[in-house]
Amino acid sequence: MNIANIIFPNRCLGCGSMEIEQDREFCPSCWGELIFLKEPYCACCGLPFIFDDGLYSSNESLCDHCNKSLPAYDKARCLFVYSDVIKKPILSLKHYDNTQYAKTFAKLMARMQTDLCQAVDLIVPIPLHWKRLILRQYNQAALIAKHLGNILEKPVDYKSLIRFTNTKSQGHQSRKNRQTNVENAFQLKEQVVFKDKNILLIDDVMTTGSTLHEAAKVIKLAKPKGIYCLSIARSVLGSDSYR
Ligand SMILES: [Zn+2]
Ligand SMILES: [Zn+2]
């Protein structure tokens with residue numbers, strides 16, 4: 001056993017159990033409870049069709065929302081549906097200083113979305129407004145992006161995309177409110193870093209996708225090759241809302 005295993009014993013992210021295989025993130029029972037985001041889903045935003053409103057359009061590969069109005073990003077993917085098992089470690093990283101979880105989430109992303117991760121040139125975390133960053137002391141998305149960058153040996157840019165409006169928390173808001181809440185919330189400090197590159201935007205949880213859309217909207221002005229998004233979990237209709 002190496003020293004890291006004594007200081008940070010390998011525990012299940014869901015229940016804290018130590019009955020867990022080396023190099024695994026969850027015990028078999030929690031792993032079984034996770035809801036994996038699998039096809040069939042929207043080719044663009046990744047919304048699984050079972051959670052769509054059922055208003056299928058002629059273009060079956062897109063969900064109703066994307067069919068009406070395509071997001072500014074090319075593709076968004078999430079690993080899991082936002083359910084109780086995954087909610088615990090996500091909130092723990094966000095609010096309770098369990099920053100070591102960021103590395104575990106990055107490992108899961110690199111393993112479960114290998115093709116998407118390999119295709120990118122630059123990783124960009126969704127930034128927090130500076131006031132919120134001072135309150136929280138760290139940005140959970142930036143921590144995940146940092147570890148993902150280390151694993152994939154890809155650069156991470158923390159500075160060029162900035163959030164200049166301090167938006168309200170996205171939890172408990174309707175789709176419409178979420179959209180207006182983040183509208184024009186981002187700005188680019190630097191454009192040249194994004195030009196002709198495949199960008200991977202990282203966030204912890206995707207809800208309606210309006211945050212990712214708004215960030216992608218400004219990055220698009222810098223003429224990147226493509227904009228992809230990756231989050232740990234997606235809050236979908238009928239699953240727990242993001243708190
Ligand atoms: Zn467990
Ligand atoms: Zn969609």
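Worth pointing out:
- Contour minus Cα-Cα distance for N184 and Y158 (0.36 nm per residue): 7.5 nm
- Long pairs among K189/K225; K94/K223; K146/K225; K38/K197, criterion Cα-Cα beyond 29 Å: K94/K223
- With both labels modelled 7 Å from their Cα along Cα-to-Cβ, the S61 to C15 distance reads 4.1 nm.
- Each label point was placed 7 Å from the Cα along the Cα-to-Cβ direction; for R111 and I35 their separation is 2.3 nm.
- Prolate/oblate/rounded call for the stretch 96-164, Cα gyration tensor, a/c under 1.5 rounded: oblate
- The stretch 57-112 shape via C-alpha gyration tensor axes, a/c threshold 1.5: prolate
- Peptide packing for 9-17, 199-207 was compared via the average number of neighbouring C-beta atoms within 10 Å per residue; ordered from the highest value, the list is 199-207, 9-17.
- Each peptide among 134-144, 76-86, 103-113, 33-43 gets the average number of other Cβ atoms lying within 10 Å of its residues, and from highest to lowest they stand as 76-86, 103-113, 134-144, 33-43.
- Our summary gives the stretch 66-150 a relative contact order of 32 percent, counting only alpha carbon pairs under 8 angstrom and 6 or more residues apart.
Bear in mind that the values in this text are calculations on the coordinates, not laboratory data. Remember, it's a predicted structure, so these values are computed and weren't measured experimentally. A quick note on method: Cβ atoms are made from the backbone with ideal geometry, for glycine too, and the neighbour counts reach across all protein chains shown.
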